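The values are calculated or read from the model by the stated rules, or taken from the named source; none is laboratory data. These numbers were taken from a predicted model, which means no experiment stands behind them. Neighbour counts run over all protein chains shown; Cβ positions are idealised from the backbone, glycine included.
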Amino acid sequence: MNDLLRRGTMRVNERGHLEIGGCDCVLLAKKFGTPLYVMDEELIRANCRRYIAAFKKHYPGSFQVAYAAKAFLVLYMVRLIREEGLWLDVASGGELFTALKAGFPADQILFHGNYKTDEEIVLALRHRVGRIVVDSEEELDRLDQLAGQWGGEARILLRITPGVEAHTHQFNRTGQIDSKFGIPLEEGLALRAIKKALGKNHLLLMGLHCHIGSQVFEKEPFEVAAEVMMGLAAEAKGAFGFELKELNLGGGLGVRYVSEDDPPAVEEFVESLCRAVITNCRRLGLTLPSLLIEPGRSIVGEAGTTLYTVGVVKEVPAVRTYVSVDGGMSDNPRPALYDARYSAVLANRACDAPDCVVTVSGKHCESDTLIRDVRLPRPKPGDLLAVLTTGAYHHSMASNYNRFLRPAVVFVKEGKALVACRRETYDDLLKTEILEPDWKEVADRLASL
Ligand code: LLP
């Protein structure tokens, strides 16, 4: 069996079909149509538990694991995260609204964003979200003012750019000053922001935050970031008596898309983070802060599989074979955006030996390659293609380009499939549109501006 298929509840059943959560993918496709996002609920829960167990084992202080909602968010996912005892990181009013609608406790929500609009901030203040992660000095002023108007005190973290940049295979210690996110360490800017935050009447500075990158395969950059952040905390303690109560080291642990991908295990990753924080605390004479992290991809990435129906197989002699499927860049923009690579199997013939290399394309009016050069048993129209590791940044980044309908999301578990998000309909495409505007209303509105 392909090594990449060893994940969660995935297996190949007696019929030679791919099975996830005890559900035969061929039957799922028949019942719910394709493209279809299939989420392995047990694997998501297991990933959440691995994070928590690893922190319990390796961190003597308090900790929180906040799931990064941007990776994948539907109401059902919010509930699952709640049941597993994680906090939630949201990065927009829409994500916050979804979390609140699903009944997630507001005081366990962290609110991010390099530009939070006043409307978003007020939504967060009204519901008293747990932490607002402030991204700039400008935001400190605006938030303090809005918090004053709303008669409360906002608990905040300051997002710092620690000068450590990490991408999949390598990292850079001096990178990332050139970023739209966070407050730079350079020229005392971070210290100045801490001082400013401490002086605000309606803000309670709980600690510091950083996020160094995503799909990271090395532990070292996180350790360096922890060291830099604790160094800053020690400086701020010396300068203005600042006590670091919380340190949030962001998300970023990578997952396996192709067989060469070899990220550290969750346990190994958490252990190295904890060790770095403990060691630096000792070195600098600081008390152990509450440690937070915000994993997204490593919770849901490998738990997701997209099923497509193969429609057209076109052989360009001596060049390549194009296999067109019934989805594409609207359900997965990642190859177009990031040159992302994927693995796939034929879900209806999972035991057949791969005997050719093909290119999988979508059906958009673009050259929307989903996978360049993947080894498969020679595909035929009607075959069911399962693309692996599509749980993170797929559904959440899907679009209606070419007026495609966004696929359904089913959670599978113990032979049952739950539709957490139904497939869109053509009517859904039109529901926000107005064919004949009410010109009087438009005129009235303009007049009232
Ligand atoms: N915290 C912050 C502040 C973040 O910006 C992110 C991701 C995370 C946590 C979660 O990181 P993760 O554990 O998922 O790596 N669309 C891109 C990924 C963008 C990640 C943005 N920030 C992709 O499809 O690869």
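Conditions tested, residue by residue: (1) free of Cβ contacts under 8 Å to residues at least 12 places away in the same chain; (2) out of contact with any Gly (no Cβ under 6 Å at 6 or more places or on another chain); (3) acidic (Asp, Glu); (4) under 22 Å from residue 43 (Cα atoms).
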residue	(1), (2), (3), (4)
377	no, yes, no, no
393	no, yes, no, yes
405	no, yes, no, no
409	no, yes, no, yes
428	no, yes, yes, no
432	yes, yes, no, no
445	yes, yes, no, no
Selection from the stretch 134-164 of residues of a type in the set (Val, Ile, Thr) and outside any loop (DSSP other than H, G, I, E, B) yields 134, 156, 160, 161
Of everything in the stretch 315-360 that's farther than 17 Å from residue 259 by Cα and in contact with a Phe, Trp or Tyr (Cβ under 6 Å, 6 or more places away or on another chain), which residue is nearest to the ligand (Cβ to nearest atom)? 330
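Please count how many residues of the stretch 79-133 are surrounded by 16 or more Cβ atoms within 10 Å (Cβ to Cβ) and either touching a Lys or Arg at 6+ places or on another chain (Cβ under 6 Å) or outside any helix (DSSP H, G or I) (or both).
From the stretch 79-133, those surrounded by 16 or more Cβ atoms within 10 Å (Cβ to Cβ) are 80-82, 84, 86-93, 95-96, 98-100, 102, 104, 106, 108-113, 116, 120-125, 127, 129-133; that's our starting set.
With the extra rule that they be either touching a Lys or Arg at 6+ places or on another chain (Cβ under 6 Å) or outside any helix (DSSP H, G or I) (or both), the set shrinks to 84, 86-92, 102, 104, 106, 109-113, 116, 127, 129-133.
Within the stretch 79-133, residues that are surrounded by 16 or more Cβ atoms within 10 Å (Cβ to Cβ) and either touching a Lys or Arg at 6+ places or on another chain (Cβ under 6 Å) or outside any helix (DSSP H, G or I) (or both) number 23.
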Taking the stated definitions as given, is residue 156 aliphatic (A, V, I, L, M) and crowded, with 16+ Cβ neighbours inside 10 Å? yes
Scan of the stretch 1-36 for residues that are crowded, with 18+ Cβ neighbours inside 10 Å, within 15 Å of residue 414 (Cα to Cα) and small (Gly, Ala, Ser), ordered by number: 8, 21
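I'd like the full set of residues that are more than 25 Å from residue 41 (Cβ to Cβ) and touching a helix residue (DSSP H, G or I) at 6+ places or on another chain (Cβ under 7 Å), limited to the stretch 334-361.
Within the stretch 334-361, none qualify.
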Do you know which residues across the stretch 235-260 are more than 13 Å from the ligand (Cβ to nearest atom) and not hydrophobic (A, V, I, L, M, F, W, C)? 235, 237, 238, 241, 243, 245, 246, 256, 259, 260
Would you point out which residue out of 253, 204 is under 30 Å from residue 388 (Cα atoms) and within 28 Å of the chain's Cα centre (by Cα)? 253
Residue ID - surrounded by the fewest Cβ atoms within 10 Å (Cβ to Cβ), chosen from residues in the stretch 428-448 that are of a type in the set (Lys, Arg) and modelled with pLDDT under 85: 440
So which residues in the stretch 56-78 are more than 13 Å from the ligand (Cβ to nearest atom), assigned to a helix (DSSP H, G or I) and in contact with a Lys or Arg (Cβ under 9 Å, 6 or more places away or on another chain), if there are any at all? 58, 75, 78
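Could you list, in sequence order, all residues of the stretch 268-296 that are more than 16 Å from the ligand (Cβ to nearest atom) and among the hydrophobic types (A, V, I, L, M, F, W, C)?
Narrowing the stretch 268-296 to residues more than 16 Å from the ligand (Cβ to nearest atom): 271, 274-290.
Matches in the stretch 268-296: 274, 276, 277, 278, 281, 284, 286, 288.
Consider residue 192 carefully, then state whether it is surrounded by fewer than 19 Cβ atoms within 10 Å (Cβ to Cβ), farther than 16 Å from residue 250 by Cβ and either modelled with pLDDT of 95 or more or touching a helix residue (DSSP H, G or I) at 6+ places or on another chain (Cβ under 8 Å) (or both).
yes
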